[in-house]
Structures are given as C-alpha cells and as structure tokens.
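The values are calculated or read from the model by the stated rules, or taken from the named source; none is laboratory data. The shown structure was predicted, so the numbers you read here are calculated from the model rather than taken from an experiment. All Cβ positions, glycine included, derive from the backbone under ideal geometry; neighbour counts span all protein chains shown. These area figures cover heavy atoms from the full protein model, side chains too; ligands, DNA and RNA do not enter into them. Shrake-Rupley method; radii C 1.70, N 1.55, O 1.52, S 1.80 Å.
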Amino acid sequence: AKMTTMTGIVVVASLLVGLALACTNDTDCTLSGECVDGQCHCRLPWTGDDCGVLKFGPSVEPAAYGYDPNVTSWGGNIIEYNGLYHLYVTQIAHGGLKSWGRSSEVVHATSTSLDKPFVKKDVAVPILAHNPEVVLGRNSTNGTVFVIFHIFPGSKTADTTLNASDNTAHVSYSTEGPWQPFTLNMQCDNPAPMQHPNGTWFLLCNNRHEQRFVLYRATRYSGPYEVATTLPARPSLTGVWEDPFLYLDTVGNWHVIAHSWDHTIKTNCNASNVSGHFFSADGMNWESTRTPPYGHEVTFTDGSTKIFSTAERPKMYFNATGFPTHMTFGVDPHENCAPTYYCSSCKTSVGFDDTYTMLRPLSYQSGAERL
C-alpha cells in the first residue's frame, strides 16, 4: 500500500511549515497542509503559498536508469522488498524514444541504494509494453502479490490495429517473476493503480477523448473494474494532462500528480507547463490547482543545475512509514530542440530522443527553501 498512517501528533506537526496565505479551509492548501488562522501550514515535502509545490533535494548523477550505461528509457517506479530496491522501467530495445510504439519493454533493474544507479536484471514484460507501474499488493489467498500495470499487451509487435490502451497486466508472487498476463477487459490509457489500505483496488485512467481522468475500483487486482468517479476538467491554460500517478498521503487525503504539456513554447522550456495536481478528501470529489508541483530545472549534488525539455511519467517511492521520499521521471536531457520542435516534442524527435529515467529525492528540511 502507498499509505501507512504515522501515529503521534508530534511527528506530523514537526513536518508542518507555516506559510503566509489567506485560506478558509484545508482545500485552499491543496489538502497538502492545514489551514490554521487563515494561513496554510504545509506538510513537507509540500511547500509554497498554497502547499502546491513539491520540495526537492539535490539529485545524484548518474541518474537511476539509462544514463550510465547509456540506454533509452522512459520512466518507471520503485518498490523495496527484502532489503533490495526494484525498479520496473520502460526501456526501448531498439533506437531512441521515437521507437517507443514499436520497441518498448519493461525491464526489472535493482540497486542496493537509492543513491546508486539501477542495474538491469531481467526483462519482466517483453515487447510490446510501456509506461509500467508495479504495485506491491496484498492478496487474501496468496499473501504478497506483485502486479505490473502498463499499456500495450506485452506479447506482440505493434501494428496498425493495436491500441496503446488495450490493456493486459502481469502478476507474480516474486519480484523475479515469472509474470503471468491477465486481461483487464477495459481500455485504460496510462493506468495509475493503487491498493487502498482497506484492500480495494483503484485504477486511474486517462480518457483522452474527453480530456479527463476516470477512477475505477475493484475488489481484486484483476477486476472487474467499475467506474467510481470522473475527475473534473483540467484547469484552463494548463495544457493537456496525462501520465497520472495516484496515491494517499499519511493523513488519508487522495492526490494525483500528472504531466501537463502544451505546444506553445520552443526555446524557453523552463517557462512551459510540465506538471499538475488533483486532490480529494474522499476519492470521489476532486479539485485541482493551477500551481505546478514542479518544473523543468533540477539541482544536482555538485551544485550544478540543468533544465530538461520535459519531465514526464511522474511516480513516487514511499518509505516504510508511508512518506514519499523520491520521485522518478522520464526526462529528455536537451534544454530545447528549437527551432524545429516544441519542448514537449523533443523526446520523440530524432537527434533529441536519447531519454533516460531520473530519480529525484524529496526534501523534508524546513527553513530557507530552495525549490
């Protein structure tokens, strides 16, 4: 599960940072903080005037996967099991990211530390599978279960009849596999799964036709899934939203972090949207904010900074107490690809599609903030 409530008011209170903002309730603080006497007090790693900005620490280079050794990858998520970190990540078997619709596979990589690069161990789901998210779940009959949700079926080469949202997922009772496929009997673009502490499985899907996220629920990871609710339209002037990541915070609020983008900027990519945030107190009634949780610029441990043309496929890693400590992204290392392409198009443009997977630590340090 992605949430384990920490007991003790002292622990939670120590993570609150007072910020000057006129608020009337916790929703005005994006449910990432508390409204106290008209001011937002944010729960780290959230910060900012409305608690809508994620605070990061400096990142370690080389990145999590695909930087060294140099292979093309495009995001994934990490779980810890039996003292080892497991990353299930998109790798492009042939060529750059432009070939994602023909050559994507899900690679299983491991590391003994989140500060070290992950090393490929095996292929968990062969071509064609993309945008994986693994859930370390609970199964009433078999105990621990590992489920990889992804787009494409993981069993054939792309052709003109194949839809990215024709979903087959894979399940195993070991991090090493074997991974058994099962059909979801639904179309879910960029699936964002989560198992609730009460055992219910939720699956957030991107409805590109209506430009909305739809939340489904089921009693088993394999379904059948039924619609729980549809999230409201994305805020105006924030572009197109995709790549949702669904989670519960330590006080029980629901959040969706997503990639947002638009085809308006070519040169100053740092000025373009790259992220968005939905939030809900009950999982049924959602609101959004215009405040982007993060941008394009990353600071590294050597003090240097770098602007990435895009950062997509956001996913969080949670520690044993249920706090998010790191985020993974698929990033394009080119600052821009002007004058021909827009910032959001660099990743699939020949000569600029040498993407990799970055791991960014979230910061729980209060005081002077460096975002």
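Express in nm, to one decimal, how much length is gained between Ser155 and Asp115 on full extension, taking 0.36 nm for each residue of separation and deducting their alpha carbon distance.
Working: separation 40, 0.36 × 40 = 14.40 nm, distance 3.33 nm.
Computed gain between Ser155 and Asp115 is 11.1 nm.
Among Gly351, Gly330, Gly76, determine the one that fluctuates most according to a GNM of the chain built with springs between C-alpha atoms less than 10 Å apart.
Gly351
Could you list, bin by bin from short to long, the percent of Cα-Cα pairs of the range 233-371 in 10 Å steps?
Whole-percent P(r) values from 0 Å outward: 11, 39, 35, 13, 1.
Could you run the Karplus curve 6.51 cos²θ - 1.76 cosθ + 1.60 with θ = phi - 60° over the range 243-259 and give me ³J(HN,Hα) per residue in whole Hz, x for Gly and Pro?
6, x, 10, 9, 7, 9, 8, 6, 10, x, 7, 9, 9, 10, 9, 9, 8
What is the local net charge at Thr291, summed over the other residues whose Cβ is closer than 14 Å to its Cβ (Lys, Arg +1; Asp, Glu -1)? Before the final figure, lay out each step's value.
Numbers: positive: Lys55, Arg234, Arg290; negative: Asp28, Asp49, Asp50, Glu287.
Within the 14 Å Cβ shell, the charges total -1.
Give me the 1.4 Å probe accessible area per residue for the range 107-236, excluding ligands and nucleic acids, in Å².
Numbers: 5490 Å² over 130 residues.
Using a 1.4 Å probe on heavy atoms only, each residue of the range 107-236 averages 42 Å².
With a cut-off of 8 Å between alpha carbons and a minimum separation of six or more residues, what is the relative contact order of the chain in percent? Present the calculation step by step, with values, prior to reporting the outcome.
Working: 1020 pairs, mean separation 65.7, N = 371.
Taking the mean separation of contacting Cα pairs over the length of the chain, I get 18 percent.
Tell me the carbon and sulfur percent of the accessible area for the chain, rounded to whole percent, probe radius 1.4 Å.
Values: 7600 of 14910 Å².
Percent of accessible area from carbon and sulfur atoms in the chain: 51.
Most mobile of Thr110, Thr301, Thr355 per a Gaussian network model of the chain (Cα springs, under 10 Å)?
Checking each option, the largest mean-square fluctuation is seen for Thr301.
Rg to Rh ratio, the range 285-334, alpha-carbon atoms and Kirkwood radius? Present the calculation step by step, with values, prior to reporting the outcome.
Values: Rg = 13.6 Å, Rh = 13.1 Å.
Value, to two decimals: 1.04.
Expressed as cubic angstrom per residue, what is the convex hull volume of the alpha carbon set of the chain? Don't jump to the answer; show the numbers that get you there.
Working: hull volume 50.9 nm³, N = 371.
So the per-residue hull volume is 137 Å³.
Per DSSP helix of 4 or more residues, -39500 (n - 2.57); summed, then divided by the residues of the chain. What does that give at 222 nm, rounded to the nearest 500? Working shown, then result.
Numbers: 2 runs with 9 residues, N = 371.
Rounded to the nearest 500, the figure is -500 deg cm²/dmol.
What aspartates and glutamates sit close enough to Lys98 to cross-link, taking a C-alpha to C-alpha distance under 14 Å and skipping anything fewer than 8 places away on the same chain?
By straight Cα distance, Lys98 reaches Asp332, Asp353, Asp354.
Multiply the residue gap between His196 and Ala233 by 0.36 nm, knock off their C-alpha separation, and tell me the result in nm, one decimal place. All intermediate terms of the calculation are to be shown ahead of the outcome.
Values: separation 37, 0.36 × 37 = 13.32 nm, distance 2.44 nm.
Separation in residues times 0.36 nm, less the Cα-Cα distance, equals 10.9 nm.
Quick one: of Lys120/Lys347; Lys121/Lys266; Lys55/Lys121; Lys120/Lys266, which pairs are farther than 30 Å apart, Cα to Cα?
Details: Lys120/Lys347 22 Å; Lys121/Lys266 38 Å; Lys55/Lys121 32 Å; Lys120/Lys266 34 Å.
Those over the limit are Lys121/Lys266; Lys55/Lys121; Lys120/Lys266.
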